[in-house]
Amino acid sequence: MTKIALVTGGMGGLGEAISMKLASVGYRVVTTYSPGNTKSQQWLADMEAGGFGFRAYPCDVADDESAQECINRITKELGPIDVLVNNAGITRDTTFKKMGKPDWDAVMKTNLDSVFNMTKPICDGMMERGWGRIINISSVNGQKGAFGQTNYSAAKAGMHGFTKALALEVARRGITVNTVSPGYIATKMVREISREVLDTKIIPQIPMSRLGKPEEVAGLVAYLASDEAAFLTGANIAINGGQHMH
Ligand code: NDP
């Protein structure tokens, strides 16, 4: 039977590439978008025109009721979710001195609480069926910290703590849980950084002297989602052009 993969934030730069890749290797892909996203219908039409028949559901991943409601709908309308990619995320960068509680809360809720909110209603079903893949999209800045990102670095590091603990709990039930930590990837999130900062501060830190491509991250996610990756769990896989090795 065709497996169902849910990609949160599937209309963003990385999420779109991950959704397309998973569809191309045979998964039925479902994505979520923020309830306020006004471009969702156009995106779905573009994807349909490109041969990708995705289903998409509104879901505020930061809100547990919205997450539960969305997952109930997907399960009822399409069937149980086999692969969960926790990809939705935001930044609210500023130095700790200037950071307000709203900047902290928004980033923690969207990047970290969301992992609980989405995984909780899905994990029991995966355990009952004896197969599941949970893939958490973290960041190099959760591994090494980044100036102006105490909130984001904390949330992204927290995702990996979650990954390791849950991987232990579900290892005997056919479920793997892994973290992918991309470096700087050419998506809207990174294009919002000024060209000058990219050229003088970011790209010089990357031994490969370039930004990563969304498709490069998507290929890794597709591998983690596959049957072949059944023995790989609790890992934090860096994909960063050599920027940070550990
Ligand atoms: P984008 O900004 O392009 O996409 C982010 C996605 O998250 C959007 O689809 C957005 O949906 C969704 N989203 C944000 N808030 C919510 C919410 N409350 N509820 C539901 N969906 C939400 O970013 P990227 O594609 O670049 O990033 C994807 C992930 O990869 C993020 O977790 C990011 O932290 C991580 N990452 C990215 C890197 C990069 O270099 N680009 C590097 C390392 C990690 P909508 O548009 O509908 O609001």
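Here are some notes:
- Residues (farther than 21 Å from residue 179 by Cβ and within 16 Å of the ligand (Cβ to nearest atom)) located in the range 100-115: 102, 103, 104, 105, 106
- Within the range 218-229, the set of residues being in contact with a strand residue (DSSP E or B) (Cβ under 7 Å, 6 or more places away or on another chain) and without any contact (Cβ under 8 Å) to a residue 60 or more places away in the chain comprises 220 only.
- Cβ pairs under 6 Å, 6+ apart, first in the range 192-205 and within 17 Å of residue 93 (Cα to Cα), second outside any helix (DSSP H, G or I) and hydroxyl-bearing (Ser, Thr, Tyr): 202/184
- Filtered residues of the range 217-245 (kept if more than 11 Å from the ligand (Cβ to nearest atom) and in a helix (DSSP H, G or I)): 219, 220, 222, 223, 224, 225, 227, 228, 229
- Residue list for the range 48-63, filter: of a type outside the set (Gly, Ala, Ser), more than 10 Å from the ligand (Cβ to nearest atom) and more than 9 Å from residue 31 (Cβ to Cβ): 48, 52
Let's see how each residue does on (1) under 16 Å from the mean Cα position of the chain (by Cα); (2) surrounded by 16 or more Cβ atoms within 10 Å (Cβ to Cβ):
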| site | (1), (2) |
| --- | --- |
| 125 | no, no |
| 130 | no, no |
| 138 | yes, yes |
| 148 | no, yes |
| 153 | yes, yes |
| 159 | yes, yes |
| 166 | no, yes |
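- Taken together, the residues in the range 72-98 that are in contact (Cβ under 8 Å) with a residue 60 or more places away in the chain and not basic (Lys, Arg) amount to 14.
- The number of residues in the range 116-148 that are within 12 Å of the ligand (Cβ to nearest atom) and either touching a strand residue (DSSP E or B) at 6+ places or on another chain (Cβ under 7 Å) or within 23 Å of residue 174 (Cα to Cα) (or both) comes to 10.
- Extreme residue, nearest to the ligand (Cβ to nearest atom), among residues of the range 12-39 that are surrounded by fewer than 23 Cβ atoms within 10 Å (Cβ to Cβ) and hydroxyl-bearing (Ser, Thr, Tyr): 34
- Scanning the range 227-246 for residues that are more than 19 Å from residue 204 (Cβ to Cβ) and small (Gly, Ala, Ser) turns up 229, 230, 234, 235.
- Per-region count, the range 121-145, residues among the aliphatic types (A, V, I, L, M) and either farther than 23 Å from residue 18 by Cβ or at pLDDT below 95 (or both): 1
- Residue count for the range 122-156, restricted to those that are under 18 Å from residue 9 (Cβ atoms), among the small types (Gly, Ala, Ser) and assigned to a helix (DSSP H, G or I): 2.
- Qualifying residue in the range 82-99 (condition: closer than 19 Å to residue 185 by Cα and more than 10 Å from the ligand (Cβ to nearest atom)): yes
- Subset tally (residues that are of a type in the set (A, V, I, L, M, F, W, C), surrounded by fewer than 18 Cβ atoms within 10 Å (Cβ to Cβ) and either in a loop (DSSP other than H, G, I, E, B) or in contact with a Pro (Cβ under 7 Å, 6 or more places away or on another chain) (or both)) for the range 176-210: 3
- Among (1) in a helix (DSSP H, G or I); (2) away from the ligand (no atom under 12 Å from the Cβ); (3) of a type outside the set (Val, Ile, Thr); (4) within 21 Å of residue 223 (Cα to Cα), the one test that residue 159 misses: (2)
- Residue ID - nearest to residue 147 (Cα to Cα), chosen from residues in the range 200-246 that are at pLDDT 95 or above and of a type in the set (D, E, K, R): 210
The values are calculated or read from the model by the stated rules, or taken from the named source; none is laboratory data. This is a predicted model, so every value here is computed, not measured. Heads up, the Cβs are rebuilt from the backbone with ideal geometry, glycines too, and the neighbour counts pull from every protein chain shown.
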